[in-house]
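The values are calculated or read from the model by the stated rules, or taken from the named source; none is laboratory data. Predicted model only: the values in this text are computed from it and were never measured. Here Cβ is always computed from backbone atoms with ideal geometry, including for glycine, and neighbour counts include all displayed protein chains. What goes into the accessible areas is simple: the full protein's heavy atoms, side chains included, and nothing from ligands, DNA or RNA. Shrake-Rupley method; radii C 1.70, N 1.55, O 1.52, S 1.80 Å.
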Amino acid sequence: MLPVFRPRHRLHRLLTALSLLLAATLFSSAAASAFDTVILDPGHGAHDRGAAIGYVYEKHLALDTARRVEQLLKKEGLNVIMSRSRDVFIPLHDRSALGNSRRNAIFVSIHYNYNRGGSGAGAETYYHFSSSYMLAAYIQAYLVQRSSMTNRGVKSANFHVIRATTKNPAVLVECGFVSNSSERARMMTGEFRKRIAEGIAQGIIAYKKSN
Ligand SMILES: [Zn+2]
């Protein structure tokens, strides 16, 4: 069964995001590590399209979003490494190996979501190790605020790229549902993907400043 999401007032969404951050600050003992490098990992690629409805493929949305985040972070003086900058297939192990390959780095995997039936909506951010929780909380809060999407929260999960990236904080962001017709219509616009990228980049920068 899927949870039913009632439309939320903008203020409510902001308060939810702020309370999430407060909770993260109060309850996480893991300090944010100093970092100067961001490893961005656009999900899927080539024959692995990811979520797909018609000609809207997750692999394209994720790459476009990651490229936008890359530009925003470079403007802030951060080093950015991309697991892929083209439509190529990268095995999961190579992605996590890249995530472990640099010191003073964070790893952010970018995906779009899918559920059968199309009722799922909103953004969510996953972490595996508790040392990655703060990074997830910052990205989720700013992503929700910037995109006005439903806040599905910060969740722990066992996905390979966040489980096998052990040397740096690692999170996986799900930027809305390809399977949801209204979210799909929004994510097909560059304006919406720009907002998503701004949210992710602002979350990363706020996390860095929280050090
Ligand atoms: Zn995906």
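Kindly indicate whether any position in segment 64-76 is acidic (Asp, Glu), away from the ligand (no atom under 16 Å from the Cβ) and touching a residue at least 40 places away in the same chain (Cβ under 8 Å). Within segment 64-76, one or more residues are acidic (Asp, Glu), away from the ligand (no atom under 16 Å from the Cβ) and touching a residue at least 40 places away in the same chain (Cβ under 8 Å). Scanning segment 104-158 for residues that are within 15 Å of the ligand (Cβ to nearest atom), among the polar types (S, T, N, Q) and under 15 Å from GLY199 (Cα atoms) yields SER109, THR125. Restricting attention to segment 164-178, the residues that are under 8 Å from the mean Cα position of the chain (by Cα) and within 11 Å of the ligand (Cβ to nearest atom) add up to 4. Would you confirm whether any residue within segment 202-210 is in contact with a helix residue (DSSP H, G or I) (Cβ under 9 Å, 6 or more places away or on another chain), modelled with pLDDT under 95 and open to solvent by 20 Å² or more (accessible area, probe 1.4 Å)? Yes: segment 202-210 contains one or more residues that are in contact with a helix residue (DSSP H, G or I) (Cβ under 9 Å, 6 or more places away or on another chain), modelled with pLDDT under 95 and open to solvent by 20 Å² or more (accessible area, probe 1.4 Å).
Filtered by the rule that a residue be of a type outside the set (Phe, Trp, Tyr) and in a strand (DSSP E or B), segment 120-170 gives ALA123, GLU124, THR125, ASN151, ARG152, GLY153, VAL154, LYS155, SER156, ALA170. One residue is enough: does segment 148-169 have a residue meeting the conditions touching a His at 6+ places or on another chain (Cβ under 6 Å) and open to solvent by less than 30 Å² (accessible area, probe 1.4 Å)? Looking through segment 148-169, at least one residue is touching a His at 6+ places or on another chain (Cβ under 6 Å) and open to solvent by less than 30 Å² (accessible area, probe 1.4 Å). When segment 37-63 is filtered for residues that are more than 16 Å from the ligand (Cβ to nearest atom) and out of contact with any strand residue (DSSP E or B) (no Cβ under 6 Å at 6 or more places or on another chain), the ones remaining, listed by number, are GLY54, TYR55.
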